[in-house]
Amino acid sequence: MDTMTLYYLPGSASLAVHIVIRWLGLPYRMARANRGAPESRPLLGLNPVCVVPVLEHRGLVLTQTAAILQYLASLDPSSQLLDETDIGSKTETQRWLAFISSDVHPAFRPMYGGTAYLEVPELIERSRQAARDALRPMFAQADRRLEAQPWLAGARSIADPYLYVMLRTARANIVDLSGFGQLQRFMVRFEDDPDVREALTLEGLT
Ligand SMILES: N[C@@H](CCC(=O)N[C@@H](CS)C(=O)NCC(=O)O)C(=O)O
């Protein structure tokens with residue numbers, strides 16, 4: 001009766017939300033959004049900007065990946081996916097969430113039509129290459145972080161699945177991740193998690 005609905009597109013930022021819902025063992029159902037014209041999407045009316053993830057729960061309609069992840073963690077503080085008992089750890093998790101949602105995620109925009117207004121294919125490709133170049137030092141920060149500890153914020157947190165989705169997106173868009181051994185190992189370890197594997201299977205990604 002308390003089932004939440006996650007509107008998603010396979011492999012997009014909604015995958016991070018999907019993984020956390022599974023980690024928490026919460027009842028949920030998935031509603032796949034349509035790509036294509038905004039007016040054809042079931043999300044219209046729920047999310048004015050018509051992007052996923054959208055989470056419906058207990059009469060709330062939640063948008064923005066970072067906010068939804070924090071909402072989920074607060075449903076079960078004992079999970080310590082956002083450690084409310086330790087201000088340092090909590091802020092560190094929020095710092096990584098902010099970095100990923102404000103810096104890393106938007107940097108992919110040229111790959112998803114964000115520079116289509118340039119119209120000239122060569123210029124659009126140049127904007128994509130500039131995005132790849134800008135993304136590499138961002139991933140270098142995460143790689144360095146994982147040299148010292150297994151998870152971004154020390155202990156496993158809601159920031160880790162968001163990083164994982166960004167790494168998948170980087171791989172799909174030929175961002176150069178060579179030399180980032182910690183990130184490669186992070187991905188392998190992450191995909192070893194049964195809930196991650198199940199989320200990938202349910203989204204048709206395996
Ligand atoms: N700031 C938003 C960005 C969400 C976003 O960019 N979603 C993309 C997928 S990652 C989307 O739904 N794009 C629409 C499409 O691909 O048709 C958030 O963090 O939730």
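Within segment 146-164, is there a residue that is among the aliphatic types (A, V, I, L, M), surrounded by fewer than 16 Cβ atoms within 10 Å (Cβ to Cβ) and in contact (Cβ under 8 Å) with a residue 24 or more places away in the chain? No, the conditions are met nowhere in segment 146-164.
Selection within segment 100-150: residues that are within 16 Å of the ligand (Cβ to nearest atom), β-branched (Val, Ile, Thr) and assigned to a helix (DSSP H, G or I). The member of this set that is farthest from the chain's Cα centre (by Cα) is Val104.
With respect to (1) at pLDDT below 95; (2) closer than 26 Å to Glu203 by Cβ; (3) not polar (S, T, N, Q), the lone exception for Ala148 is condition (2).
Quick one: how many residues across segment 169-181 are surrounded by fewer than 19 Cβ atoms within 10 Å (Cβ to Cβ) and under 26 Å from Leu24 (Cβ atoms)?
Looking only at segment 169-181, we keep the residues that are surrounded by fewer than 19 Cβ atoms within 10 Å (Cβ to Cβ), and these are 171-174, 176-179, 181.
When the remaining residues are screened for being under 26 Å from Leu24 (Cβ atoms), the result is none.
Selection size over segment 169-181: 0.
Of all residue pairs spaced 6 or more apart or on separate chains, those with beta-carbon atoms under 9 Å, a first member in segment 185-206 that is closer than 18 Å to Arg32 by Cα and a second member that is outside any loop (DSSP other than H, G, I, E, B) and among the small types (Gly, Ala, Ser) are Glu203/Ser14; Leu205/Ala199.
Please specify each residue of segment 63-85 satisfying the condition of being in contact with a Phe, Trp or Tyr (Cβ under 9 Å, 6 or more places away or on another chain) and among the β-branched types (Val, Ile, Thr). Residue satisfying the conditions is Thr65 alone. Here is the figure for segment 70-107: residues that are of a type in the set (Ser, Thr, Tyr), within 28 Å of Asn173 (Cα to Cα) and in contact (Cβ under 8 Å) with a residue 24 or more places away in the chain total 2.
Among residues of segment 23-34 that are over 18 Å from Ile158 (Cα atoms), those with a beta-carbon under 7 Å from a residue that is among the hydrophobic types (A, V, I, L, M, F, W, C) and at pLDDT below 95 at least six positions away or on a different chain give the pairs Ala33/Leu9; Ala33/Leu43; Ala33/Val52.
Which residues, counting only those in segment 1-28, are among the hydroxyl-bearing types (Ser, Thr, Tyr) and over 11 Å from the mean Cα position of the chain (by Cα)? Break it down into steps so the answer makes sense when it comes.
Keep residues of segment 1-28 that are among the hydroxyl-bearing types (Ser, Thr, Tyr), which gives 3, 5, 7-8, 12, 14, 28.
Hits for segment 1-28 are Thr3, Thr5, Tyr7, Tyr8, Tyr28.
In contact with a His (Cβ under 9 Å, 6 or more places away or on another chain), farther than 16 Å from Ala155 by Cα and touching a residue at least 12 places away in the same chain (Cβ under 8 Å): does that describe Thr63? I'd like the intermediate steps shown before the answer.
Values: in contact with a His (Cβ under 9 Å, 6 or more places away or on another chain): no; farther than 16 Å from Ala155 by Cα: yes; touching a residue at least 12 places away in the same chain (Cβ under 8 Å): yes.
For Thr63, the condition - in contact with a His (Cβ under 9 Å, 6 or more places away or on another chain), farther than 16 Å from Ala155 by Cα and touching a residue at least 12 places away in the same chain (Cβ under 8 Å) - is not met.
For segment 86-113, the candidate set comprises residues that are at pLDDT 95 or above and hydroxyl-bearing (Ser, Thr, Tyr); within that set, the residue that is farthest from Ala66 (Cα to Cα) is Ser89.
The values are calculated or read from the model by the stated rules, or taken from the named source; none is laboratory data. Everything quoted here is computed from the prediction, not taken from an experiment. Cβ: placed from backbone, ideal geometry, glycine included. Neighbour counts: every protein chain shown.
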